[in-house]
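Enquirer: Below you'll find the structure I mean.
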Amino acid sequence: MKIVHLSTFEMQGGAARAAYRLHQGLLTIAKDSRILCLYKASSDSLVSQWDIYTGQNESQFYCDLIQKNYIDYNRTKISNTLFSLGYSGYELRHCDIVKDSDIINLHWITSGFLSPFTIRQLIELRKPVVWTFHDMWAFTGGCHYSAGCEGYQEDCHSCPQLQEDFYKLPYHLLQDKIDLFSPLNLVIVTPSQWLTECVKKSKLFRHHRVETIPYSLDENVFFPTEKKEAKKKLNINSEIFILLIGAMTGKEKRKGFSQLFTYLKLLKKDANINYLITNGKIKIACFGEPSEALKELEIEVINWGNIDDDRDLSLIYSAADIFILPSLEDNFPNTMLEAMSCATPVISFAVGGMIDLIKDNINGILIPAYNLDLMATKIIELINNPEKCRMMGMNARREIETNYRLSIQAEKYSNLYNDLLAKNKNKQQDLGNRQPEILTKSIDDVINDNQQYLRGKYFEKIYGDIALDSLSRELELTRLLLSYKEEQLKETQRILTESEIMLEAMKSSKFWRLRQKWFKLKKILGLSVNE
């Protein structure tokens, strides 16, 4: 069985890391697993990088403009999580690693790697295709997380994440996905029950086969170090209670960091906790890109920044007494798995995939969503009860060892792959040698005859107008930037002119002449200018 995973990134971001861990798990059970990505970061010989100069088309420039001006600069305050147009994408069906595979497993493929049309082409290769969802993009009109909106269950007609949407872009993008994906035999895997339920409610995939297979990790890498020892290795006093937070970025609203800082401030209302904070007995530790609001907490912060080495990250998790996961909307965070694997209990809101793994008061704490006061209260209880933290941490580690090792996830995927291969073999026998219509044409014929499908026939209806509108906005932004640069240049020239006038006035002044004579005298006497 030859498996190829398609992922925009190899390592960058939670989705990429989860895909790579699945790849590692499949290798541990002796499966032939490869990754084809757009951006490679490691020296792994089983990971191939797609040549970005292969198969480009002229619409990419305009699609980038639409992404920038109609989407990115047009967002409402409800969310700042990614919202992706999804066009254009690369033609991969003639790539050797794809042609030689038995199973194609799609992962996070936006940001220019694959489009709905190029995904459709892969599905029509008559190979089993599994699509692992790491967020909601595949079945929405463009948002990666819906921020509570249920428009994807119908038609995404009125998107709350765009300020102005004259062309009803999300509606047209979702219609293209429905047109391209609905009739095809595509199997979906999600890491969490929450995302599975979202898929089953979606207009696009409600009738497709959906499996729930949670993420995994290498428990021998994320291994608990005794907390006092871990703190000693990190030059932290063993008596200090560490509250750990971490994310790729603290600026994403759905990650809940603004709410986090609200209930961390509430901690100081407790007299004992305030005393401990004031005397440096409680500290916050963080990794990743922290929020600026950390500076306002009046609690000492240890900031490790971005951590590239998993063993270093494991030591940080081990040193923490509690890992706080403040997400308001999330799938199945890798940080939750990692902390628990290092015997550190997680306290989180009861949302998304956190409900699947965290057992309240057994291996962590679950708080009803948005209940900031209760979150603060529970954190205080845990600070005052380190033995409970220790016991929950041990239970957390036991849960990971039992259910979330790399091989466990890999076996579940392998069983799914085998099932799909068997069904596909029977289907191929029924079909005989008849080729799907699209495969009887070369890619040049497809481009020439069906140019609109490269962008989706629904998106094509608005493509010209929306591209022109985006280009007009880009020109206006360029004019504004040029005007700003001209004003800067004028201001610089004014300051330069004034400086030259002041310099000439100083040179002609009596003070300047006396100063120059003084320097000349000191030089004759052999003294330095500063003496």
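The values are calculated or read from the model by the stated rules, or taken from the named source; none is laboratory data. Treat the numbers as computed from the prediction; the structure is a model and nothing was measured. Cβ placement follows ideal geometry from the backbone for every residue including glycine, while neighbour counts extend to all protein chains displayed. These area figures cover heavy atoms from the full protein model, side chains too; ligands, DNA and RNA do not enter into them. Shrake-Rupley method; radii C 1.70, N 1.55, O 1.52, S 1.80 Å.
Enquirer: Compute the relative contact order of the stretch 149-278 as a whole-number percentage, counting only Cα pairs closer than 8 Å that sit 6 or more residues apart in sequence.
Expert: Once normalised by length, the contact order is 15 percent.
Enquirer: Obtain the radius of gyration and the Kirkwood radius of the stretch 455-526 from its C-alpha atoms and give Rg over Rh.
Expert: Expressed as Rg/Rh, it is 1.62.
Enquirer: For q = 0.15, 0.16, 0.27, 0.32 Å⁻¹, what log10 I(q)/I(0) does the stretch 67-118 give under the Debye formula with an equal point scatterer on each alpha carbon and no solvent?
Expert: For the stretch 67-118, the Cα-only Debye profile gives -0.55, -0.59, -1.10, -1.26.
Enquirer: Then there's this: Which value results when the Cα radius of gyration for the stretch 153-226 is divided by 2.2 N^0.38 Å?
Expert: 1.57
Enquirer: Give the Debye-formula value of log10 I(q)/I(0) at each listed q (0.14, 0.24 Å⁻¹), with one equal scatterer per alpha carbon of the stretch 321-372, two decimals each.
Expert: -0.27, -0.83
Enquirer: Next question. Send over the semi-axes of the stretch 215-274's equivalent ellipsoid, whole angstrom and largest first, taken as the square roots of 5 times the C-alpha gyration tensor eigenvalues.
Expert: 26, 22, 9
Enquirer: Hey, what's the Kirkwood Rh for the stretch 107-232 if you take every pair of different alpha carbons, in angstrom? Before the final figure, lay out the partial values.
Expert: Numbers: mean 1/r = 0.0612 Å⁻¹.
With all distinct Cα pairs of the stretch 107-232 included, I get 16.3 Å.
Enquirer: Also, quick follow-up: Pairs to check: Lys227/Lys281; Lys177/Lys200; Lys168/Lys251; Lys201/Lys255; Lys201/Lys457; Lys231/Lys281. Give those whose C-alpha atoms are more than 18 Å from each other in this structure.
Expert: Exceeds cut-off: Lys168/Lys251; Lys201/Lys255; Lys201/Lys457.
Enquirer: Evaluate E = 1/(1 + (r/R0)^6) for Leu489 and Lys457, where r is the Cβ-Cβ distance and R0 equals 35 Å; express this FRET efficiency to the nearest 0.05.
Expert: 0.15
Enquirer: Report the Cα centroid-to-centroid distance between the stretch 376-416 and the stretch 231-252 in angstrom, as an integer.
Expert: Using only Cα atoms, the two centres lie 18 Å from each other.
Enquirer: Sorted by accessible area with a 1.4 angstrom probe, largest first, how do Ser45, Ser238 fall?
Expert: Ranking Ser45, Ser238 by accessible area, largest first, yields Ser45, Ser238.
Enquirer: Also, quick follow-up: Can you list the residues, at least 5 places off or on another chain, whose amide H is less than 5 Å from the amide H of Val130, using H built in the peptide plane?
Expert: Under 5 Å from the amide H of Val130 lie the amide H atoms of Ile104, Asn105, Leu106, each far enough along the sequence or on another chain.
Enquirer: Give me, ordered by chain and number, the residues 5 or more places off Ser48 or on other chains with an amide H under 5 Å from its own placed amide H.
Expert: Ile35, Leu36, Cys37
Enquirer: When every alpha-carbon pair in the stretch 273-415 is counted, what percent end up more than 21 Å apart?
Expert: Every Cα pair in the stretch 273-415 considered, those over 21 Å come to 46 percent.
Enquirer: Please tell me the relative contact order of the stretch 233-330 in percent, rounded to the nearest whole number, where contacts are Cα pairs under 8 Å and at least six residues apart.
Expert: Averaging sequence separation for qualifying contacts and normalising by length gives 42 percent for the stretch 233-330.
Enquirer: Let me ask you something else. In a Debye calculation with equal point scatterers on the alpha-carbon sites of the stretch 82-171 and no solvent, what is log10 I(q)/I(0) at q = 0.12, 0.15 Å⁻¹?
Expert: -0.42, -0.63
Enquirer: Can you tell me which aspartates and glutamates have their Cα less than 19 Å from the Cα of Lys68? Leave out same-chain residues fewer than eight positions away.
Expert: Correct list for Lys68: Glu58, Glu164, Asp165, Glu252, Glu460, Asp465, Asp469, Glu474, Glu476.
Enquirer: Before rounding to the nearest 500, sum -39500 (n - 2.57) across all DSSP H runs of length at least 4 in the chain and divide by the residue total; then give [θ] at 222 nm in deg cm²/dmol.
Expert: Counting only the DSSP helices, I get -14000 deg cm²/dmol.
Enquirer: Run the numbers on the chain and let me know its relative contact order in percent, using alpha-carbon pairs under 8 Å that are six or more apart. It would help to have the intermediate numbers written out before the result.
Expert: Values: 879 pairs, mean separation 78.4, N = 531.
RCO, the chain: 15 percent.
Enquirer: What percentages, rounded to whole numbers, describe P(r) for the chain computed over all alpha carbon pairs with 20 Å bin width beginning at zero?
Expert: Taking every Cα pair in the chain, the percentages come to 19, 44, 25, 10, 2, 0.
Enquirer: Would you kindly state how much longer the chain becomes between Ser43 and Glu381 on full extension, computed as 0.36 nm times their sequence separation minus their alpha carbon distance, in nm to one decimal?
Expert: Result: 117.1 nm gained on full extension.
Enquirer: Taking only the alpha carbons of the stretch 1-126, what extent do you get along each of the three principal axes, in Å, biggest first?
Expert: Cα spread of the stretch 1-126 along its principal axes, largest to smallest: 48, 29, 26 Å.
Enquirer: Of the heavy-atom accessible surface of the chain (probe 1.4 angstrom), what whole percent is carbon and sulfur?
Expert: Reported share for carbon and sulfur atoms: 51 percent.
Enquirer: Can you give me the orientation-averaged projected area of the convex hull built on the Cα atoms of the stretch 257-329, in nm²?
Expert: 5.4 nm²
Enquirer: Would you check the accessible area of Glu474, probe 1.4 Å, heavy atoms only, in square angstrom rounded to 10?
Expert: For Glu474, solvent-accessible area is about 40 Å².
Enquirer: Among the lysines, which fall within straight-line cross-link reach of Lys520, defined as a Cα-Cα distance under 21 Å, with same-chain neighbours fewer than 8 residues apart omitted?
Expert: Lys507, Lys510
Enquirer: Now, a different point. Against the globular-protein guess of 2.2 N^0.38 Å, express the Cα radius of gyration of the stretch 353-406 as a ratio, rounded to two decimals.
Expert: Dividing the Cα radius of gyration by 2.2 N^0.38 Å gives 1.22.
Enquirer: Still on this model: Over what distance in Å are the Cα centres of the stretch 122-168 and the stretch 68-106 separated?
Expert: Distance between centres, Cα-based: 11 Å.
Enquirer: Report the gain in length on full extension from Ala369 to Ile355: 0.36 nm times residue separation, minus Cα-Cα distance, nm rounded to one decimal. Write down the numbers at each step before the final one.
Expert: Details: separation 14, 0.36 × 14 = 5.04 nm, distance 1.14 nm.
Full extension from Ala369 to Ile355 adds 3.9 nm.
Enquirer: If you put +1 on each Lys and Arg Cβ and -1 on each Asp and Glu Cβ, how big is the dipole of the chain around its Cα centre, in Debye rounded to 20?
Expert: Charge dipole, the chain, about its Cα centre: 1380 debye, nearest 20.
Enquirer: Roughly speaking, what is the stretch gain from Leu514 to Asn306, that is 0.36 nm per residue apart minus the C-alpha to C-alpha distance, in nm to one decimal?
Expert: Answer, rounded to one decimal: 69.2 nm.
Enquirer: What accessible area per residue comes out for the chain, rounded to a whole number of Å², with a 1.4 Å probe? Write out the running numbers ahead of the final one.
Expert: Values: 25520 Å² over 531 residues.
Roughly 48 Å² per residue, with all protein chains present.
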